[in-house]
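Taking it in order: structure first as C-alpha cells, then the write-up.
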Amino acid sequence: MIPLPEISTHRENGLTAAEAQNSQRLHGKNELTPPRRIPIWKQYLEKYNDPIIRILLVAVVLSAIVAVLEGNSLIDTIGIALAVILATSIAFLTEFKSNREFDALNALREDTGVKVIRDKSPSTIPMRDIVVGDLVLLEVGDAVPSDGYLIHATEVEVDESAFTGESEAVKKQNTDTVLKGTYVTAGRGRMITGAVGDATSMGRIAASLIEGSRPDTPLQVKLAELAKLISKFGYAMAGLIVASVMVQGLIIGPAPDSPLEMVRFFLNACMFAVVIIVVSVPEGLPVSVTVSLALTMRKMTRAASLVRRMIACETVGAVTVICTDKTGTLTMNQMEVAASSIEVPEEIKTSMLTTGEWITLNAAVNSTAELEERESKMVTVGNSTEGSLLRWLLRAGVSYQNIRKEYEPASQSFFTSQKKQMSTVISRDGRFYVLVKGAPEVIAARCTPAPDMSHVHTLATRAMRTLAFAHAQIPTAETEPDTLIWDGYVGIRDEVRPDVPRAVEICKHAGIDVKMVTGDSPETGAAIARETGILTTGTIMTGPEFRELSEIERRKIVPDLQVLARSQPHDKLLLVQALQADGEVVAVTGDGTNDAPALRNADVGLAMGIAGTEVAREASDIILLDDSFPTIERAVWWGRALYENIQRFLIFQLTINISAAILTFISPLLGLAPPFTIIQLLWINIIMDSLAALALCSEAPHKVLMDRKPIPRNQPVITPYMTRAILITAGIYIIAGIILMFTGIPFMDTPQQQVSAFFAGFVIAQVWNGINCRGINGVMPAIFRGNPSFYLIMGLIVVIQVLIVQYGGSLFGTVPLSLLQWIVIGIGTLPVLLIWPLLKVIDNRYGKRTE
C-alpha cells in the first residue's frame, strides 16, 4: 500500500477528474483478477469419474473384445464411445456455462456505488472506479471498497472477521488502515485509498487461491438419493437379464461349441446387462436439475431477483412465511416531508433563533446525508430519511451546504437502533449547543417542559414516520445535557407501492403468511400494514415486548403476529427462529448490516439491491434488484415452477427407464428377440438425459401455482400423482410392446421393418408422452405459450429419429420405412395422448384419498 504522506494531499477536496484518470493509469482499476481455475481439460476429465460413465467405459471395452473375437466391425464400440463423449460433453458444457453465468452475476458487485469526494463535491461512483488517492466517505453498513487510511474518523468500528476470524469489531482512529472486504459497523469517517484491486490485502490472498468444486445443494442430495434407489432397480434387472440369457443359451438352447464360444456368449450377456444398467439409471438427473436451476436463475434475474445461491431458486418456492421490511420494500422508498410543526423551514437570520430556525439548523447540520443531482433529479447519498429533510430545506430555498460551512460539527453521535436518536455539537457565538433529532417519544422524554404529543400521534396514524427536534446549550462540547428544549417535529411519508397490495393478496392466497417488521411506531406500522393488506385480524407488538418473551412464549404468539413495530435487527432474528421452530420455511428481507444474522439464519435471505448494505447482500441468498415486495412474490412463483419442472422430467424419464428395462428383460423369457439393440438403447437414453431435460425444464410458471399451498419441507419428490402417472404409462407401454412383439406391427412387411418400426414407435410414443408430462398434477399449460422451445426440441427428436431409421441402418440396425409406414407409426402411437385425460379422471376420483 502506498504510504499515507504520498497521497494525503487530497484529504480535503479529493481528486480531480484528471488526477483520477492518471491514478487509474498508474495503479489500475479496483478489480480483482478472477481466481485461477481448474484447467478446462481437467474439468472435462472429472466427468469421467461418474460411476455411470465408468460403466459405459466398461461397455466400450467389452464391445471391442466381442467385436474382435467375432471378427465384426467396431460400429457398436464406436457408438458407445460417442455416447460417452456426448454425455460427458453435455454435463461439462452445461456446468461450464452455468458457472460462467454465475461468475458474471457475482461480478455485478464491482458496480456497487461508493460515496467519494471528487472535484471538491460528493458523488457516487462504481466500486471498480475507485483509484489510489480517492477520498472515500464511510458510514455504518458500508463495505470498505479498497485498502486505505482513515482520516476524520468519528467512533469508527470495523468488522475485520474476514481476515482475523474475530467476530468483535475493531475500533479505528485517524491514520489507521482499513482493508477491502471489511465492513463499517459503527461511526463515520473518511478514507484515503492506498491500494486497489490485486494490490489490496484481499487481492493478494485471492491471487493464491484456486477455484474448487461447489458443494451439492440439498435438492441435489435428495434427488441423488432417488437416483441410488432407481440404480438398485437397474442393477437387479441387469443381474436377472444375465441369469435369464445364460439359462436360455446354456441350458434351454444348444450348448456352445467351444470355450471361446462360451466366453463370447458370456461377454455378450454382460454387455447387454451393462447397457440395461445404463438405461435404468437416471444418470442425467443431476444435469437436468443443473440446467433447470440455471434457466430459472437467468429468468429470475430478468425479473429483478439476482440469485446468489443456486438452491435458493427452489427453496423460495417452498416458503410459508415472508418477514418483510416496510421502507423501500412495501413503499416507494421516496421519503418526503408531508407535515411539520412549522409551515416551512426558516432561513437562519436572527441572533436569537426561533423554533423554526432551530429546526432548520438541526435538519441541515445534524445529518450524514448528501444530495446529488442525477439526470435533473436530486438523489440522496446516505440515509433516505435525512435526505428528505435536505430536500425539504431545498424546496424552501434554504441551502444546507451553506449552513454546514458556517456551523461545522465539533462532534457527532450517530443514530443507532438502540438509541433511536442522533446528536451533533456545534459552536455558535462562542457557545456550544447540542442538536438532537430522533424518535419523538425518546426526544420528548428528555425535554422540559414535556411537549404535547397529540399531533405527533395523529401523524403516525396517517402512516407517517415522525421525527422530533430538540436542542440544548452546553458548557463544553463533551457535556451531556440534563434536559432538552423541544423545537418541533415533522411527518415523513413514504407512499405504498401501487402493486404491493395485490402481491400480498396473491401470497396469502398461495398459503404464505406475510409479516411486517419495522422500526416505526406501532401506529405508523399498523397504518401501512392495513393499507397493504398485511394486517387483518392479527396482532401488533413492539420489539421490546417481543424480546421480553420467553422462547416458548414467542413460539405461541408468532402465528398471529402480523406487525412487529419499533423493532431492532435482533428482533427479526428472534422472529425467524421462532417461526422455524414451528416448522415454517421463512424468507426474510433485510437492508442493514445488523440484518445479516437474520438473513443468514432464514431459509431464504432477501437483501435489498438498491438500499442494502454490502454486509446484507453478502449474507443473502437472493438480491432484490428493485427492492420491491412484488419481486418476492414473483420469485416464489418461479421457485414453485422450478420444482414442478423437475417433477415433469422425473415422470418422463422414469416412465422410459421402467418400460425399456422390463421389455428388454422379459423378451428373452418369452422366447423373443431383444426389442432394442445396444445402440438404440443408448439413443433412447440420450433423449431422456439431454433433450427432454431441456424441453421440460423450460416450462414457464402458470397461475395455478399460486393457488396452492407451499410444498411441505419433508414431502418426497415423487408424489402419489407422479407414481400413478409413471406406473400406468409404463404399464401401457409394456403391455402394448409385448402384444406387438407377438403379433407384429401392421403394414411392416419384413422382420427388419418390424424391428425398425418398434424402435421408432417407442421413441415417437415418448414424444407424445412429453406432452402428457407438461400437464402435471392435472393442470395442462397453454399449448404453445410459455414454452415454445418444447415443441422445437421434440420436433428435433422426431427429425433425428427419422434420419436414424432412414439413413443410420448400419449403426442402429434399422432399414428405411415408407411414408405410409411412418404415418402408421405416428397415428398408432397417438393414443398415448389419451393417457393424460385418463390420469386426470383417476386423480379426480381417487387422488384426494391418497394425496
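Per-structure values
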quantity: Matching residues in segment 561-612 - criterion: being polar (S, T, N, Q) and in contact (Cβ under 8 Å) with a residue 24 or more places away in the chain; calculated: Gln562, Ser567, Gln568, Gln577, Thr589, Thr593, Asn594, Asn601
quantity: Within segment 160-176, considering residues that are closer than 13 Å to Val144 by Cβ and open to solvent by 60 Å² or more (accessible area, probe 1.4 Å), the one modelled with the highest pLDDT; calculated: Phe163
quantity: Arg465 vs. criteria of a type in the set (Lys, Arg) and part of a helix (DSSP H, G or I); calculated: no
quantity: Close pairs from segment 545-560: first in contact (Cβ under 8 Å) with a residue 12 or more places away in the chain and on the phi < 0 side of the Ramachandran plot, partner among the small types (Gly, Ala, Ser) and in a loop (DSSP other than H, G, I, E, B), Cβ under 8 Å, at least 6 apart; calculated: Phe546/Ser567; Asp560/Gly538
quantity: Number of positions in segment 687-705 that are hydrophobic (A, V, I, L, M, F, W, C) and either open to solvent by 40 Å² or more (accessible area, probe 1.4 Å) or in contact with a Cys (Cβ under 8 Å, 6 or more places away or on another chain) (or both); calculated: 3
quantity: Some residue of segment 733-747 being farther than 19 Å from Ile835 by Cα, surrounded by fewer than 18 Cβ atoms within 10 Å (Cβ to Cβ), over 22 Å from the mean Cα position of the chain (by Cα) and without any contact (Cβ under 8 Å) to a residue 24 or more places away in the chain; calculated: yes
quantity: Residues satisfying the stated conditions in segment 392-402, i.e. open to solvent by less than 40 Å² (accessible area, probe 1.4 Å) and either in contact (Cβ under 8 Å) with a residue 12 or more places away in the chain or at positive phi (or both); calculated: Trp392, Leu393, Val398, Tyr400
quantity: Meets criteria (open to solvent by 40 Å² or more (accessible area, probe 1.4 Å), among the small types (Gly, Ala, Ser) and under 48 Å from the mean Cα position of the chain (by Cα)) for Ser427; calculated: no
quantity: Condition broken by Ile534, with the remaining ones in (1) closer than 22 Å to Asp626 by Cα; (2) in contact with an Asp or Glu (Cβ under 8 Å, 6 or more places away or on another chain); (3) not in a helix (DSSP H, G or I) satisfied; calculated: (2)
quantity: Pick from segment 460-475, criterion of a type in the set (S, T, N, Q) and touching a strand residue (DSSP E or B) at 6+ places or on another chain (Cβ under 6 Å), ranking: surrounded by the most Cβ atoms within 10 Å (Cβ to Cβ); calculated: Thr466
quantity: Residue check for Asp591: surrounded by fewer than 16 Cβ atoms within 10 Å (Cβ to Cβ) and out of contact with any Phe, Trp or Tyr (no Cβ under 6 Å at 6 or more places or on another chain); calculated: no
quantity: Search result, residues across segment 521-531 that are in a helix (DSSP H, G or I), among the small types (Gly, Ala, Ser) and either more than 13 Å from His457 (Cβ to Cβ) or in contact with a His (Cβ under 9 Å, 6 or more places away or on another chain) (or both); calculated: Gly525, Ala529
quantity: Failed condition for Val116, given (1) modelled with pLDDT of 65 or more; (2) over 30 Å from Ala369 (Cα atoms); (3) surrounded by 17 or more Cβ atoms within 10 Å (Cβ to Cβ); calculated: (2)
quantity: Among residues of segment 748-782, those that are open to solvent by less than 30 Å² (accessible area, probe 1.4 Å), in contact with a Lys or Arg (Cβ under 7 Å, 6 or more places away or on another chain) and among the hydrophobic types (A, V, I, L, M, F, W, C), counted; calculated: 2
quantity: Test: residue in segment 497-515 that is modelled with pLDDT under 90, basic (Lys, Arg), buried (at least 20 other Cβ atoms within 10 Å of the Cβ) and out of contact with any Leu (no Cβ under 9 Å at 6 or more places or on another chain); calculated: no
quantity: Unique residue being modelled with pLDDT of 70 or more, β-branched (Val, Ile, Thr), within 36 Å of the chain's Cα centre (by Cα) and under 27 Å from Gly809 (Cβ atoms) when the list is Ile78, Ile65, Ile85, Ile38; calculated: Ile85
quantity: Residue that is most open to solvent (accessible area, probe 1.4 Å) [pool: residues in segment 439-459 that are in contact with a Phe, Trp or Tyr (Cβ under 7 Å, 6 or more places away or on another chain) and of a type outside the set (A, V, I, L, M, F, W, C)]; calculated: Pro451
quantity: Segment 539-556, subset touching a Lys or Arg at 6+ places or on another chain (Cβ under 8 Å) and surrounded by 13 or more Cβ atoms within 10 Å (Cβ to Cβ), residue farthest from Asp325 (Cα to Cα); calculated: Phe546
quantity: Condition check for Phe676: at positive phi, at pLDDT 85 or above and not in a helix (DSSP H, G or I); calculated: no
quantity: Any hit, segment 561-577, residues being open to solvent by 50 Å² or more (accessible area, probe 1.4 Å) and more than 29 Å from Ser384 (Cα to Cα); calculated: yes
quantity: Residues satisfying the stated conditions in segment 351-399, i.e. assigned to a loop (DSSP other than H, G, I, E, B) and either more than 23 Å from Val436 (Cβ to Cβ) or not hydrophobic (A, V, I, L, M, F, W, C) (or both); calculated: Ser351, Thr354, Asn366, Ser367, Thr368, Glu375, Ser376, Gly382, Asn383, Gly397, Ser399
quantity: Residue satisfying condition, being at pLDDT 85 or above, among the hydrophobic types (A, V, I, L, M, F, W, C), open to solvent by less than 80 Å² (accessible area, probe 1.4 Å) and within 28 Å of Ser292 (Cα to Cα), within set Trp822, Trp836; calculated: Trp836
quantity: Conditions (1) open to solvent by less than 30 Å² (accessible area, probe 1.4 Å); (2) in contact with a helix residue (DSSP H, G or I) (Cβ under 9 Å, 6 or more places away or on another chain): number failed by Ala338; calculated: (1)
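This table checks each residue for (1) outside any helix (DSSP H, G or I); (2) polar (S, T, N, Q); (3) farther than 22 Å from Thr664 by Cβ; (4) within 40 Å of the chain's Cα centre (by Cα).
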site	(1), (2), (3), (4)
Ala757	no, no, no, no
Trp768	no, no, no, yes
Ser789	no, yes, yes, yes
Ile793	no, no, yes, yes
Leu820	no, no, yes, no
Val824	no, no, yes, no
Gly828	no, no, no, no
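Yes/no matrix, rows are residues, columns are (1) modelled with pLDDT of 75 or more; (2) out of contact with any strand residue (DSSP E or B) (no Cβ under 6 Å at 6 or more places or on another chain); (3) open to solvent by less than 20 Å² (accessible area, probe 1.4 Å):
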site	(1), (2), (3)
Ala273	no, yes, yes
Pro282	no, yes, yes
Ser288	no, yes, yes
Val307	yes, no, yes
Gly317	yes, yes, yes
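The values are calculated or read from the model by the stated rules, or taken from the named source; none is laboratory data. Since the model is a prediction, treat every value here as computed from it, not as a measurement. Cβ atoms come from the backbone with ideal geometry, glycine included; neighbour counts cover every protein chain shown. Just so you know, the surface numbers come from the protein's heavy atoms only, side chains and all, with ligands and any DNA or RNA stripped out. Shrake-Rupley method; radii C 1.70, N 1.55, O 1.52, S 1.80 Å.
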